[in-house]
Amino acid sequence: MLNKLEMIRIFCAAAESSSFKEAAARMGVSPQAVTRAIKELEHSLGELLFHRNTRQIRITEYGEKLLEDSRSIIYNIDEIFKSNDQSLDDDISGIVRITSPVSIGRKFVVPAMARIRAQYPNIRLDLRLSDMITDVVDEKIDVGIRVGLLRDSSFVARATNRVYLHTVATADCIARYGRPKTIADLYDLPTIALLDTSSGRAWPWHFSQGHQFMPRHPVFIVNDSEAELEAAVNGIGYAQIATPFSEEPMRKGQLEQVLEEFAPEPWYLYVYRPQRGPVPNRIRLVFDALVEIFSDETAFSG
């Protein structure tokens, strides 16, 4: 019989993973242990936490609420067991190497690093901005940020906020070219494509039930997310923009969402580190600071 805290930890890992197998790899236990823990927790709570079939798991509405409540509880418990050594500040020195997607790094990571540097003047920060998947071992990365599933389940990863994808255009653009009613309608509309520099092709747009749209003849191609947003705000065409970058122009009325009924399931933003076990104070400090920032829904929404 697992204790209740451990069951909650396993539940959170499962909720933030695509399968019980992936959750097991992250927790360092067997898939059977994850399945058993979820069943025990469901029995204890008297509620179903996941819809399951042979191919995937999908969290229930009750599970979503439990996940939201459990994250803060686990984080607070972890804080209790952190070192209370008052000499910690004196140990914060040396270099921390960080990788982040370009736009997220500019908007969120750089201001966070400025605050850390102001408090810990002996720390050195090396930030690498790239929308490509970084080889953290070759690049000697200490802390990384990634949206979507992590390829390496051996990482120590903390899922923070959800990232939603909005298909958007200006009101004038919609009035001129029409509001799409189906995903296929996008083929007849002017679209903005974000270039994947690693492949030289446009990133696909994602929709519900695993459907994708690949811009065939985009009217504007760009390799920078911020420029993509500016192109959409200036009415060049339709684009798919992720939160937190789409929310502010939508709130201001600069962009309107279309195809809302086909919106995909949100992705998680992860803060991760490759090293398991004890880490230097400087790395733990940066890791915890980024987790706190990206877990704040108000700050992260922009």
Placing +1 on each Lys and Arg Cβ and -1 on each Asp and Glu Cβ in the chain, then taking the dipole about the Cα centre, the residue among VAL147, GLY253, PHE108 whose Cα reaches farthest towards the positive end is VAL147
Once normalised by the length of segment 165-262, the mean sequence separation of its alpha carbon contacts under 8 Å that are 6 or more apart gives a contact order in percent of 45
Ordered by number, the trypsin sites (Lys or Arg not before Pro) in segment 197-296 that occupy a DSSP loop and have at most 12 other Cβ atoms within 10 Å are ARG216, LYS252, ARG276
Taking Cα pairs closer than 8 Å and at least 6 residues apart, the relative contact order of the chain in percent is 21
Toy charge model, Lys and Arg Cβ at +1, Asp and Glu Cβ at -1: segment 4-80 dipole around Cα centroid in debye, rounded to 20, equals 400
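How do CYS173, CYS12 line up, fewest other C-beta atoms within 10 Å first?
So the ranking, lowest neighbour count to highest, is CYS12, CYS173.
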The chain: antiparallel bridges as % of DSSP beta bridges, rounded to 5, reads 65
Checking segment 1-56 for trypsin sites (Lys or Arg not before Pro) in a loop per DSSP with at most 11 other beta-carbon atoms within 10 Å yields ARG55
Between the alpha carbon centres of segment 240-258 and segment 285-299 the gap in Å comes to 23
Proxy exposure order for ILE221, ILE92 (fewest C-beta within 10 Å first) is ILE221, ILE92
Fewest to most Cβ atoms within 10 Å: TRP267, TRP205 sort as TRP267, TRP205
Only helices counted: for the chain, with every DSSP H run of 4 or more residues adding -39500 (n - 2.57) and the sum spread over all residues, [θ] at 222 nm is -10500 deg cm²/dmol
Read-out Rg and Dmax of the Cα atoms in Å, candidates (1) 21.0, 64; (2) 19.4, 72; (3) 24.1, 85; calculated match is (1)
For the chain, the count of lysine pairs 8 or more apart or interchain whose alpha-carbon atoms are under 22 Å apart comes to 7
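All of the numbers you see were taken from the coordinates with simple rules; none came from a lab. Note that the structure is predicted; figures quoted are calculated from it, not measured. Backbone-built Cβ (ideal geometry, glycine too); neighbour counts: all protein chains shown.
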